[in-house]
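Chemist: Pasting in a structure now, in structure tokens, and then I'll have a few things to ask.
The values are calculated or read from the model by the stated rules, or taken from the named source; none is laboratory data. A quick note: this is a predicted structure, and the numbers were derived from the prediction, not measured. Positions of Cβ are backbone-derived with ideal geometry, glycine not excepted, and every protein chain shown enters the neighbour counts. The area values use the complete protein model at the heavy-atom level, side chains included, leaving out ligands, DNA and RNA. Shrake-Rupley method; radii C 1.70, N 1.55, O 1.52, S 1.80 Å.
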Amino acid sequence: MKIQSDYSLKPYNTFGIDVKAKLFVSFGSVKELQDLLQMPELKQEQKLVLGGGSNVLFTKDFDGVALLNAIKGIEVLREDEQYVYVKAGSGEVWHDFVIYTLQHNWGGVENLSLIPGTVGAAPLQNIGAYGVELKDVFHELEAVHLETGELHTFDNDTCQFGYRESVFKNKLKGQYIVTGVTFKLHKEHHINTSYGAIKTTLEEMRVQNPTIQDVSAAVCHIRSSKLPDPKKIGNAGSFFKNPEISLTQFERLKAQFPDIPSYRVTETTVKVPAGWLIEQCAWKGKVLGNYGVHKNQALVLVNYGGAKGEEVRQLAYDIIASVEEKFGIRLTPEVNIM
Ligand code: EPU
């Protein structure tokens, strides 16, 4: 647990933004983390937890201690006829965990294949893709309180999951570090191909009765054709959330823009894909020097190498302004801007 100074965070954010943390240290267990939190030289410092860094845009150096989560390990806690309860260390890479579940033939996270980031970051924003959200397979998590060092347990209710939301992005923001997550995975699989693109891809793959492994392969295929690989081009996935608007506002827009896509959320609200709105404002594929908007998915902002966080943030603000002007809808970032 060596504390380092003036440490570059470039390898620890998928946007690949080169900012520095005043102090940097990694921890590999709950005990190590608790010991770090007690150290007098760290006690007063602001704290930033680094998981996969897949949902953050750094716009300036961090004046505090960056804590790299390196808690590993996957274990079965218990099982019954229907479920297996599997606990994973929060520093495990999310997709490695998905592969592990597929190898053991446990169902539930196959639709969430290839999402960048770590197991510990997944519940913070209730990651979701292709008709499944983390909360659907979540059992509980353990997290250390930054002030007291105590280990607390949170279940589905106390996590207060919503669309890309949890209590850790709201009321408890910055107060806890997730150390382990327990999933409730299915022994008997519930294949979910409700999302159109999965169905089409499986048909193209000529798969008739898909297994969880087939669904994962389809999801990996769709993601890699639409979304840039952060190992090659810096990005943090969807930069904005898909906005939810009233049915009345939607009907007004539909009269003006007959092709506008939508998903019904409640009796009176619909969700509109932000990617479509941004594309209509002619941002898709826009290159501004070494950063821009991805050519296959307008929801994704990209750093081609060497971009500054403030530049990407300004691009996000410009996109928000033009979408608001054209559609009267104000987009909100999904990514944490720091
Ligand atoms: N669309 C456009 N132009 C674009 C992008 C999308 O017109 O540039 C249209 C598509 O044609 C389609 C609709 O928007 O009609 C939806 O597109 P897509 O299936 O790509 O999904 P999304 O709503 O844009 C969401 C998630 C993704 C997730 C996919 C699949 C959010 C903010 N994003 O994107 O999540 O992978 O659904 O479930 O909810 C992430 O959070 O980082 C992420 C990638």
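Chemist: What pairs come out if I take residues in region 201-222 that are more than 15 Å from His189 (Cβ to Cβ) and pair them with residues that are within 16 Å of the ligand (Cβ to nearest atom) and among the hydroxyl-bearing types (Ser, Thr, Tyr) whose C-beta lies under 6 Å away, six or more apart or interchain?
Modeler: If the second residue must be within 16 Å of the ligand (Cβ to nearest atom) and among the hydroxyl-bearing types (Ser, Thr, Tyr), the pairs left are Cys220/Ser113; His221/Thr201; Ile222/Thr201.
Chemist: Out of (1) touching a helix residue (DSSP H, G or I) at 6+ places or on another chain (Cβ under 9 Å); (2) open to solvent by 60 Å² or more (accessible area, probe 1.4 Å), the odd one out for Asn303 is which?
Modeler: (2)
Chemist: I would also like to ask the following. Based on what the data block shows, is Asn235 over 19 Å from Gln314 (Cα atoms) and within 11 Å of the ligand (Cβ to nearest atom)? Lay out the reasoning, then the answer.
Modeler: Details: over 19 Å from Gln314 (Cα atoms): no; within 11 Å of the ligand (Cβ to nearest atom): yes.
No: the conditions fail for Asn235.
Chemist: Do we have any residue at all in region 319-336 that's surrounded by fewer than 18 Cβ atoms within 10 Å (Cβ to Cβ), farther than 25 Å from Ala129 by Cα and touching a residue at least 60 places away in the same chain (Cβ under 8 Å)?
Modeler: Taking every residue of region 319-336 in turn, at least one turns out to be surrounded by fewer than 18 Cβ atoms within 10 Å (Cβ to Cβ), farther than 25 Å from Ala129 by Cα and touching a residue at least 60 places away in the same chain (Cβ under 8 Å).
Chemist: Based on what the data block shows, is Glu32 open to solvent by 80 Å² or more (accessible area, probe 1.4 Å), in a helix (DSSP H, G or I) and not assigned by TED's automatic domain parsing to the domain that holds Ala121? Steps first, please.
Modeler: Numbers: open to solvent by 80 Å² or more (accessible area, probe 1.4 Å): no; in a helix (DSSP H, G or I): yes; not assigned by TED's automatic domain parsing to the domain that holds Ala121: yes.
Taking the combined requirement at face value, the residue does not satisfy it.
Chemist: Among the candidates Ile278, Ile260, which residue alone is within 28 Å of Lys232 (Cβ to Cβ), modelled with pLDDT of 95 or more and open to solvent by less than 30 Å² (accessible area, probe 1.4 Å)?
Modeler: Details: Ile260 fails: within 28 Å of Lys232 (Cβ to Cβ).
After ruling out the rest, the residue left standing is Ile278.
Chemist: With respect to Val287, is the statement that it is near the ligand (Cβ under 9 Å from one of its atoms) and either crowded, with 19+ Cβ neighbours inside 10 Å or over 25 Å from Leu112 (Cβ atoms) (or both) true?
Modeler: Working: near the ligand (Cβ under 9 Å from one of its atoms): no; either crowded, with 19+ Cβ neighbours inside 10 Å or over 25 Å from Leu112 (Cβ atoms) (or both): yes.
Considered against the rule, which asks whether it is near the ligand (Cβ under 9 Å from one of its atoms) and either crowded, with 19+ Cβ neighbours inside 10 Å or over 25 Å from Leu112 (Cβ atoms) (or both), Val287 comes out as no.
Chemist: Something else: Quick one: in region 69-84, which of the residues that are among the aliphatic types (A, V, I, L, M) and open to solvent by less than 30 Å² (accessible area, probe 1.4 Å) is farthest from Phe183 (Cα to Cα)? Outline the logic, then answer.
Modeler: Going residue by residue through region 69-84, those that are among the aliphatic types (A, V, I, L, M) are 70-71, 74, 76-77, 84.
After this cut, where a residue has to be open to solvent by less than 30 Å² (accessible area, probe 1.4 Å) as well, the list is 71, 84.
Working: Ile71: 16, Val84: 8 Å.
Per the criteria, the residue is Ile71.
Chemist: Take region 121-152 and flag every residue that is under 22 Å from Leu33 (Cβ atoms), under 13 Å from the mean Cα position of the chain (by Cα) and small (Gly, Ala, Ser). Even if it seems obvious, please write down each step before you answer.
Modeler: Of region 121-152, the ones under 22 Å from Leu33 (Cβ atoms) are 121-125, 138-152.
Next cut, under 13 Å from the mean Cα position of the chain (by Cα) only: 121-125.
Result: Ala121, Ala122.
Chemist: Within the bounds of region 241-248, is there any residue that is within 14 Å of the ligand (Cβ to nearest atom), at pLDDT below 95 and not hydrophobic (A, V, I, L, M, F, W, C)?
Modeler: No, there is no match, as no residue in region 241-248 is within 14 Å of the ligand (Cβ to nearest atom), at pLDDT below 95 and not hydrophobic (A, V, I, L, M, F, W, C).
Chemist: Among residues belonging to region 35-68 that are polar (S, T, N, Q) and either under 13 Å from Leu146 (Cβ atoms) or at pLDDT 95 or above (or both), point out the one that is surrounded by the most Cβ atoms within 10 Å (Cβ to Cβ).
Modeler: Applying the first criterion (polar (S, T, N, Q)) to region 35-68 yields 38, 44, 46, 54-55, 59.
Adding the requirement that they be either under 13 Å from Leu146 (Cβ atoms) or at pLDDT 95 or above (or both) leaves 38, 44, 46, 59.
Working: Gln38: 10, Gln44: 8, Gln46: 13, Thr59: 16.
The selected residue is Thr59.
Chemist: Let me ask something else. Give the residues of region 263-275 that are surrounded by fewer than 14 Cβ atoms within 10 Å (Cβ to Cβ) and either in contact with a Lys or Arg (Cβ under 7 Å, 6 or more places away or on another chain) or closer than 16 Å to Ile319 by Cα (or both), sorted by residue number.
Modeler: Passing the criteria: only Tyr263.
Chemist: Can you say whether Glu45 is part of a helix (DSSP H, G or I) and not assigned by TED's automatic domain parsing to the domain that holds Val93, as far as the supplied structure shows?
Modeler: Numbers: part of a helix (DSSP H, G or I): no; not assigned by TED's automatic domain parsing to the domain that holds Val93: yes.
Against the criterion (part of a helix (DSSP H, G or I) and not assigned by TED's automatic domain parsing to the domain that holds Val93), Glu45 does not qualify.
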